[in-house]
Amino acid sequence: MFDVIIAGCGPTGATLAAELRLHDVRVLVLEKETEPASFVRIVSLHMRSLELMAMRGLLERILRHGRQRPAGGLFAAIPKPVPKGLDSAYAYLLGIPQPVIERLLEEHAIELGAQIRRGCAVAGFEQDDEGVTVELADGERLRSRYLVGCDGGRSTVRKLLGVGFPGEPSRTETLMGEMEVGVPQEEIAARVAGVGEIHRPFWLRPFGTEVYSVVVPAAGVGDRAEPPTLEDFRQQLRAIAGTDFGVHSPRWLSRFGDATRLAERYRVGRVLLAGDAAHIHPPIGGQGLNLGVQDAFNLGWKLAAQIRGWAPETLLDTYQAERHPVAEDVLDNTRAQTELLSPGPGPQAVRRLLTELMDFDEVNRHLIEKIAAIGVRYDFGEGPDLLGRRMRDIDVKQGRLYGLLHRGRGLLLDRTERLTAGGWSDRVDYLADPTAALDVPCVLLRPDGHVAWIGDDQQDLDERLSRWFGEPAG
């Protein structure tokens, strides 16, 4: 008997497993693939994901394997500089090979005590009032209190659950890959600059030593059911740019469409969805992996609270209430970016106008914060603007704020030194006189770093502690 079975050991599933283990939840992760992915695709961790990694003490380990680069030019590949003073201590992108980040997150989950079984595919399940019986493809049956589908865009769990996945099917397809080139960088830059204004999406961008990220339209190339080949890339490059740039030695090649879909529900009884199982969209802006990891940080502590027996009655329902609108916003901004990359005169006129508007700092900043997810504000009711937002990593007298969140507990920062976490001290840590950088009397942080309360009244605080952390002990 497990507390939670997770289907899928990608970044979302591994992160969720680790978050649950912080609270001693018995976790089993089932991954249908027998071996981790071998292709070396570079993915980007955005600011909010970097913040979450710092909250759990993982960032330094991850930074050693990645490459930092500026966070500009994210929205529809419109080249604009990063505005100064972004509200994050980690105001950059981290490019990291996907197999590496998946390995690091999986190792972290295992270190915390999660069990991971590869070569195990979920074939069916039945739920009742006490738990979920999961049937594997080989006929084995397992029992858990909850099941979470983190098994990708073609999620078996979502399909078996009968949750609708409305949206738009792919209209256009694109080839994307990483490979070496056979001509000087100056020649590439000169030719790409002209072609990229006519054909979108299209680019060749340096990514590391001698390696380029290559994106070209896939129209008329090969069978969409088959993986693309290097010759497909060469063919499209010659057709669009007049040269194939001598591309060779691919690291990985892929073909993606612009399908955009969002699950109607994230939870049915004891079965939940997270990551690509709950939402899919084009990879423009590199938001997919980040959105799934952020789902896991939102869900983990809430599901753990439900299992440990102290969750308020509606706490688990806030997972969908908070994350579904965030996914809707991501789907909308990828729809907008897709249109801005279309070659038609209308979309290109809008792109030129937006390019001008992004010269205004406020516009550029807003779009970067949207892509990087540091502008997210959950609806916690009326209150100061900081309420519902995540708190940036600030200096405190013990070091850094995020260093106090490694255990995945709540945190009360009290400048007045008059308040207390009282009967919630088994779930909420307390720090008196934290820092002069905190310009409000007291702040209550959830385990995911979002501000749950601001004020200086103990009774008001107790009400908010009950809302998020249940009844006090004893």
If you keep only loop residues by DSSP, which GluC sites (Glu not before Pro) in the stretch 301-397 have at most 15 other Cβ atoms within 10 Å of their Cβ?
E313, E382
Using the Karplus curve 6.51 cos²θ - 1.76 cosθ + 1.60 with θ = phi - 60°, what ³J(HN,Hα) values do you get for each residue of the stretch 271-286, in whole Hz, with x for Gly and Pro?
10, 10, 10, 8, x, 5, 5, 9, 7, 10, 6, x, x, 4, x, x
Using a probe radius of 1.4 Å on heavy atoms only, what accessible surface per residue do you get for the chain? Whole Å² is fine.
42
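Under the 0.36 nm per residue contour assumption, what length would be gained going from the current alpha-carbon distance of D379 and E111 to full extension?
93.0 nm
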For T260, what residues show an amide H to amide H distance below 5 Å, using hydrogens built from the backbone and excluding near sequence neighbours?
E168
Cut-off 20 Å (backbone N to label point 7 Å along Cα→Cβ of R64), residues of the stretch 379-419:
403, 406
Taking +1 at the Cβ of each Lys and Arg and -1 at the Cβ of each Asp and Glu, which of I62, T12, L22 sits farthest along the dipole of the stretch 12-72 towards its positive end, judged by Cα position relative to the Cα centre?
I62
For the stretch 253-298 and the stretch 153-192, distance of Cα centres in Å
14
Calculated FRET efficiency for the pair S170/I240, C-beta based, R₀ 22 Å, to 0.05:
0.65
Could you pull out the trypsin sites (Lys or Arg not before Pro) across the stretch 281-340 that fall in loop regions by DSSP (anything but H, G, I, E, B) with no more than 11 other Cβ atoms inside 10 Å?
none
On a full-extension model of 0.36 nm per residue, what is the gain between Q185 and T34, subtracting their alpha-carbon distance, rounded to one decimal in nm?
50.4 nm
Find the relative contact order for the chain and round it to a whole percent, using C-alpha pairs within less than 8 Å whose residues are 6+ positions apart.
18
Based on Cα positions only, what radius of gyration and what Dmax would you give for the stretch 307-418, in angstroms?
19.6, 63
Quick one: which of 86-93, 294-301, 111-118, 133-140 comes out on top by average Cβ neighbours within 10 Å, and what's the full order, highest first?
294-301, 86-93, 111-118, 133-140
Only helices at least 24 Å long along their own axis, judged from Cα atoms, and with Kyte-Doolittle mean hydropathy of 0.0 or greater: name those in the chain from DSSP H.
288-308
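Mind giving me the FRET efficiency for V440 and E231? R0 is 45 Å, r the Cβ-Cβ distance, nearest 0.05 is fine.
0.15
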Tell me, what ³J(HN,Hα) does each residue in the stretch 406-414 have, in order and in whole Hz, if you take phi through Karplus 6.51 cos²θ - 1.76 cosθ + 1.60 with θ = phi - 60° and put x for Gly and Pro?
4, 8, x, 9, x, 8, 9, 9, 10
Across the chain, how many lysine pairs separated by 8 or more positions, or lying on different chains, have Cα atoms within less than 25 Å?
5
On the accessible surface of the chain, probed at 1.4 Å, how many percent belong to carbon and sulfur atoms?
49
Net charge (Lys, Arg +1; Asp, Glu -1) of residues whose beta-carbon lies under 15 Å from that of W301, W301 excluded, is +2
Test of the criteria: in the stretch 338-406, which trypsin sites (Lys or Arg not before Pro) are in a DSSP loop and have at most 16 other Cβ atoms within 10 angstrom of their Cβ?
K397
When only Cα pairs under 8 Å and 6 or more residues apart are kept, what is the percent relative contact order across the stretch 414-474?
36
Along Cα→Cβ, 7 Å out, is where each label goes; now give me the distance between the ones at A432 and A137 in nm to one decimal.
5.9
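The values are calculated or read from the model by the stated rules, or taken from the named source; none is laboratory data. What you see is a predicted model; the values in this text were computed from it and never measured. Cβ coordinates were reconstructed from backbone atoms using ideal geometry, including for glycine residues, and neighbour counts include every protein chain displayed. In case anyone asks, the SASA skips ligands and DNA or RNA and just uses the protein heavy atoms, side chains included. Shrake-Rupley method; radii C 1.70, N 1.55, O 1.52, S 1.80 Å.
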